[in-house]
Amino acid sequence: VPLEECGYLALFLVPEMKFSDSIDDMVKIIVIAHGESTASSMKEALIYQSAGADEVILPLAPFAMTSLPTVSMEEIPSDQPVSLLMNRLLFEEEMPALIQTMERLSKMNICSIYFADPSIAMIAEQVQMTSKLIYKPDTLMASPEDARWWLNQNIQAVCVSPLLTKEEAEEMTS
């Protein structure tokens, strides 16, 4: 794995607390694969789902900021539920493409959308997809006020910093 990818992958490998109303909404297994022999194609990534992975997260081009292989709208399977990584901060001129993408996604079998840019939350509300959002900023969320604000927007969950103490994490949910 190239050195510049180690830090990004570490964010997924370090245990995170994901707050939700239901334990059933918690992810038990997240598969992250990279490279030609693992998840470079959609077909290969979905093998993990059929093997029992609880969630397959696909980085959606051009809305994902990652060195992992991205997928296009056309590559998202219509017959299997998947989650999407849409964590890139967007420019104003990208809003028409985002609106069109979110409208298309609202008709698909999407479990969750991991996002960082507030414009995604605004558009998701317009297409009734707010409940599928998981706020996952690439900066470490350590503010209880920030987590509470996002949860009050009726999104599915927030990802908080794995560096918080148990007490700090509990404060975020109270």
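Tabulated results
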| quantity | calculated |
| --- | --- |
| Any pair with Cβ under 8 angstrom, 6 or more apart, that starts in the stretch 130-152 at a residue that is over 24 Å from THR66 (Cα atoms) and ends at one that is surrounded by 13 or more Cβ atoms within 10 Å (Cβ to Cβ) and among the aromatic types (Phe, Trp, Tyr) | LEU151/PHE19 |
| Residues (at pLDDT below 95, over 13 Å from LEU60 (Cα atoms) and surrounded by 15 or more Cβ atoms within 10 Å (Cβ to Cβ)) located in the stretch 97-116 | CYS111, ALA116 |
| Boolean, GLU94 is at pLDDT below 85 and surrounded by fewer than 18 Cβ atoms within 10 Å (Cβ to Cβ) | no |
| Unmet criterion (only one of (1) more than 27 Å from ILE47 (Cα to Cα); (2) open to solvent by 20 Å² or more (accessible area, probe 1.4 Å); (3) aromatic (Phe, Trp, Tyr)) for TYR135 | (1) |
| Residue tally, condition over 18 Å from CYS111 (Cβ atoms) and open to solvent by 100 Å² or more (accessible area, probe 1.4 Å), over the stretch 148-169 | 5 |
| Unique residue being in a helix (DSSP H, G or I) and closer than 21 Å to GLU125 by Cβ when the list is MET108, MET102 | MET102 |
| Failed item in (1) closer than 18 Å to MET65 by Cβ; (2) at pLDDT 95 or above, with GLU125 passing the rest | (1) |
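The values are calculated or read from the model by the stated rules, or taken from the named source; none is laboratory data. Fair warning: this is a prediction, and the values are worked out from it, not measured in the lab. All Cβ positions, even for glycine, are placed from backbone atoms using ideal geometry, and neighbour counts span all protein chains on display. When the accessible area is computed, the model is the full protein with side chains, heavy atoms only, and any ligands, DNA or RNA have been set aside. Shrake-Rupley method; radii C 1.70, N 1.55, O 1.52, S 1.80 Å.
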